[in-house]
Amino acid sequence: MSSIIGLLSDDALSLQQPDVELAELSHIPHAGLNAAAEQVSSKRTHSGTLEPLKDTGSKSHSLPLPKVHRPVLTSSPSLPVPLPSHMPKPTSEVAQVDITEPPRCLESQSREAKPASRLQRIQKLWLHWSTAYRIIIAVILTVNLVCLVYVALQDLSSPSLLIATSTNLLVAVLVRQEDLINVSFNLVAKIPSTWPLLIRKIIADLHHYGGVHIGCSISALLWYCVFVAYNTISCLHHIKSSSMTAWLWIDIITCYAFMLCLLFICITAHPRLRSHFHNTIEHTHRFGGWTAVLVLWVNSGVASRSSDNTTPLYKTTPIYLLSIITLLILLPWLRIRRVSVTTRLISPRELLLTFPHPNMAYTATIKFSRAPLSEWHAFATQPSPSTGTASILVSRAGDWTTALLATPPTHLWLRSPATQNFLACAPLFASLLVVATGAGIGPVLSLLASPAIAAMRAHHKLVRVMWVLHKPTAPHWDFALRIIRAVDPAPCLFDTTRRRPDVAFEACYLARTAGVEAVMVVSNPRVTDAVVTAVKAQGGAAYGAVFDS
């Protein structure tokens, strides 16, 4: 269930920057890519085990048979926009790619034909429910339930219930604030990769902060429901004693109105409803949230006039918490501006949109809109410091992006500041594999061109890239390939023109052969979940984007 405070803030509906999860695999010391590949070269057998394989000389491998070898590049691509000064020049080396057969291959057929064992089913269920996101939600709900029981046993009162409600709402709103998110990611990125891997893996779960948002929002609803029940009992006593006043009637009516607003927003924000009716849910959160805040202000004023209240409004703690919440909700709307944009059609499905932004951070996500009151969409940015601009790669994925490709805009609304996404945690690891599918390469390009990756390469830390897409060698992808090959001279590219690879298996295999500490995946929810589950099932620590919008 999505958060209540999404009701109060548009951020609850923005796509979590490709939040990711990372996979710890068998670490292999590497003097270079060839040495690592030679040390762990292996092949997939019918039983799904790994056994030694003669080195084929290819720098990128995929395991299923049969294999089709295709060149990635036949010449060094050109790019009209120069690479950042901190990036090395790409080499002219040509890598070969092994295209994986679809599930017709023997091993895949065997895996599909053989039903999962009971242990595998239990493992899959555990991996599904034991994500950091859900653990955070569970912990917050448990703490709030314990506190509620304690308060109920000690002294259950209206002020204590309202303070608990307001505190949870404040945390839920605060954790979505761009400034706090950026400060948190910048601090995490400074943690040295020499720390114990277990600690770094836990810290890399920072991108699951949405769990705090949801946990606190549901907890706020829980506390407020108890408050409404407490207030209802009080009103019933007044009715029986014929002491019910107009102020008390307005008080109880506004209490129920606010509670129903929160409940309605929470129900409509259920992941399944949200995915099918995204635009409707966004409107519900925005306008329903504003209505809820307004009702709460009215209720606070009315409650201060009731005969049961003996404390002046300005002396109550909840009113100050409500003031801070309101300011945090208004803040993003004070930082929107209309900017001119230039567009270039990369392919029938992708559009490169460039806009002025001289101080755009790497691995950041920014929100755009054609109609600010209607909907906002978050996109990962690619800074260009030399030109004082930034760009985003838009892929046809829904009504809004389809309309954008059909009628490219000249101006868009932009909401600042840009927010750091999960890719900012890359410096935590001594070696890295980045997996992307299709236009998911957009966020990856920002990472690969960043000073953080340049620093990793300067310290001889391995960074591998795997990209699955339609016609990777097409001229319109030259700009992306140049950035990729400046970091990984032999990227693993899969052309989906004839067949689609088993992305989860290929990612696990490449991570194992390269000996990386972590895997970052940027893709759609289905592929992301498959990669994360596959790596975790092998005993690794896997991270995938958090799609909580």
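Each reported figure results from applying straightforward, stated rules to the coordinates on display, with no laboratory input. This one's a predicted model, so the numbers in the text were calculated from it and none came from an experiment. Ideal geometry is used to build each Cβ from the backbone, glycine not excepted, and the neighbour counts take in all protein chains shown.
Once you've got the Cα coordinates, tell me which of LYS190/LYS471; LYS201/LYS471; LYS190/LYS367 are over 32 Å apart. Exceeds cut-off: LYS190/LYS471; LYS201/LYS471.
Relative contact order (percent) for the range 127-333, with alpha-carbon contacts under 8 angstrom and 6 or more residues of separation? Please report the intermediate quantities before stating the final value.
Values: 163 pairs, mean separation 57.4, N = 207.
Relative contact order, the range 127-333: 28 percent.
Amide hydrogen proximity for MET520: with H placed 1.01 Å from N in the peptide plane, the residues at 5 or more positions away or on another chain lying under 5 Å are LEU433, VAL434, VAL435.
State, as an integer percentage, the relative contact order of the range 336-421 based on alpha-carbon contacts under 8 Å between residues 6 or more apart. Numbers along the way, then the final one.
Details: 179 pairs, mean separation 35.2, N = 86.
For the range 336-421, the relative contact order is 41 percent.
The simple Förster model, with R0 at 30 Å and r as the Cβ-Cβ distance, assigns ALA138 and ILE191 a FRET efficiency of 0.70.
With no solvent and one point on each alpha carbon, what is the Debye value of log10 I(q)/I(0) for the range 146-262 at q = 0.14, 0.20 Å⁻¹? Ignoring solvent entirely, the Cα scatterers give -0.74, -1.08. Extending 7 Å from Cα along the Cβ direction at LYS315 and again at CYS147 yields two label points whose distance is 2.5 nm. In order along the range 459-474, the phi-based Karplus estimate (6.51 cos²θ - 1.76 cosθ + 1.60, θ = phi - 60°) of 3J(HN,Hα) comes to 9, 6, 8, 6, 10, 10, 10, 10, 10, 10, 6, 8, 6, x, 8, 4 Hz; Gly and Pro are listed as x. Modelled spin-label separation between PHE264 and HIS459, with each label point placed 7 Å from Cα along the Cα-to-Cβ direction: 5.3 nm.
With the cut-off at 1.5 for a/c, could you classify the range 404-449 from its C-alpha gyration tensor as rounded, prolate or oblate? Oblate.
With a ≥ b ≥ c the root eigenvalues of the C-alpha gyration tensor of the range 415-549, is it rounded (a/c under 1.5), prolate (a/b larger than b/c) or oblate? Each step should come with its number before you reach the end.
Numbers: a/c = 1.15, a/b = 1.04, b/c = 1.11.
Rounded.
The phi-based Karplus calculation (6.51 cos²θ - 1.76 cosθ + 1.60; θ = phi - 60°) puts the 3J(HN,Hα) values of the range 200-211 at 5, 5, 5, 5, 5, 7, 4, 5, 8, 4, x, x Hz, whole numbers, x for Gly and Pro. Sorting 412-420, 168-176 by average packing, meaning the other beta carbons within 10 Å per residue, from highest down gives 168-176, 412-420. The slack in the chain from ILE199 to HIS278, taken as 0.36 nm per residue of separation less the alpha-carbon distance, amounts to 24.8 nm. Phi angles across the range 373-382 convert, under the Karplus curve 6.51 cos²θ - 1.76 cosθ + 1.60 with θ = phi - 60°, into 3J(HN,Hα) values of 7, 9, 7, 10, 10, 9, 9, 6, 9, 10 Hz, Gly and Pro given as x.
Between the amide H of PHE494 and those of TRP467, VAL468, LEU469, distances stay under 5 Å, these residues lying 5 or more places away or on another chain, with hydrogens modeled in the peptide plane. Shape class for the range 328-423, computed from the alpha carbon gyration tensor (a ≥ b ≥ c): oblate, with a/c not under 1.5 and a/b at or below b/c.
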